[in-house]
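Have a look at the structure below before the remarks.
The values are calculated or read from the model by the stated rules, or taken from the named source; none is laboratory data. Note that the coordinates shown come from a computational prediction; the quantities given were computed from them, not determined experimentally. Cβ atoms come from the backbone with ideal geometry, glycine included; neighbour counts cover every protein chain shown. For accessibility, only protein heavy atoms count, side chains too; no ligands or nucleic acids. Shrake-Rupley method; radii C 1.70, N 1.55, O 1.52, S 1.80 Å.
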Amino acid sequence: MIELWVPELRQLPPGRQATVWHCEPGYLGLDTYDVLRQRVVSHHFRFGEGTEARLFRTPHRYVWPAELDLMAQLAGFELESRHADWAGGEFTAESRSHVSVYRLP
């Protein structure tokens, strides 16, 4: 069982490298993409009183669901089910994450 997010590349206009994925008072989250290498860095900005700000970055290498299926197949597993979330929602082209269950045949 694997839970992963789906990159929001459709939100990324040509020529732009970043998308804002969360914005609220005191917090800004944005992702910068390297589409060629399938890498993304999530930037977490937290703002305090006055000019105080903290930045935390997390690098990731994203994997498409079809790519994950191929890796599982090469390791001898089969896809048993895929849902959009832990509640069992339908996985669609609009899903922002997926929970995939693999099994040995």
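Data table
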quantity: Filtered residues of the stretch 50-85 (kept if open to solvent by 60 Å² or more (accessible area, probe 1.4 Å) and part of a strand (DSSP E or B)); calculated: A53, R54, L55, F56, R57, P59, H60, R61, E78, L79, E80, H83
quantity: Enumeration of residues in the stretch 86-97 that are touching a residue at least 60 places away in the same chain (Cβ under 8 Å) and surrounded by 13 or more Cβ atoms within 10 Å (Cβ to Cβ); calculated: S95, S97
quantity: Hey, P13 at pLDDT below 90, under 12 Å from the mean Cα position of the chain (by Cα) and not in a strand (DSSP E or B) or not; calculated: no
quantity: Filter result for L79 (in contact (Cβ under 8 Å) with a residue 60 or more places away in the chain and closer than 17 Å to E3 by Cβ); calculated: no
quantity: Checklist (1) under 13 Å from the mean Cα position of the chain (by Cα); (2) under 14 Å from L4 (Cα atoms); (3) free of Cβ contacts under 8 Å to residues at least 40 places away in the same chain applied to E67, failing item; calculated: (1)
quantity: Qualifying residues in the stretch 86-105 (those that are assigned to a loop (DSSP other than H, G, I, E, B) and charged (D, E, K, R)) - the one nearest to R37 (Cα to Cα); calculated: R96
quantity: Scan of the stretch 26-49 for residues that are among the aliphatic types (A, V, I, L, M), part of a strand (DSSP E or B) and open to solvent by 40 Å² or more (accessible area, probe 1.4 Å), ordered by number; calculated: L28, V41
